[in-house]
1. Consider Ser45 carefully, then state whether it is at pLDDT 80 or above and at positive phi.
2. Identify, from the list Ala77, Ala73, Ala10, Ala30, the residue that is at pLDDT below 75 and in a helix (DSSP H, G or I).
Amino acid sequence: MSEHERRVLARLERLLRQDEAIDLGMRRLAVGRRHALRGIGSGRSLGLLCLLSLSLMITGIATSQTLVTVAFAAVWAVTLLLAATWLFASSRRRSL
């Protein structure tokens with residue numbers, strides 16, 4: 001961002017903070033979003049999903065059952081989505 005854009009943004013933020021209702025709403029929104037993602041993106045849950053995916057994959061290969069393969073596909077998709085979310089969140093925290 002250019003210096004002019006930063007000044008304009010700072011001025012807008014200052015004006016918005018003067019309105020108590022908007023300021024309170026923005027703080028609640030920021031806190032709520034942080035709390036919502038805290039448990040979802042933890043490394044522990046990601047590790048457990050990876051282990052579950054691995055065990056379903058091995059079981060699916062060993063038994064060749066369709067239901068196990070479908071369960072593996074579903075868990076694997078969730079695992080990849082969670083891994084991407086976790087990586088993006090951690091890189092965003094490091095850049096701040």
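1. Considered against the rule, which asks whether it is at pLDDT 80 or above and at positive phi, Ser45 comes out as no.
2. Residue meeting the stated conditions: Ala30.
The values are calculated or read from the model by the stated rules, or taken from the named source; none is laboratory data. The model shown is predicted, which means the values in this text are computed figures rather than measured ones.
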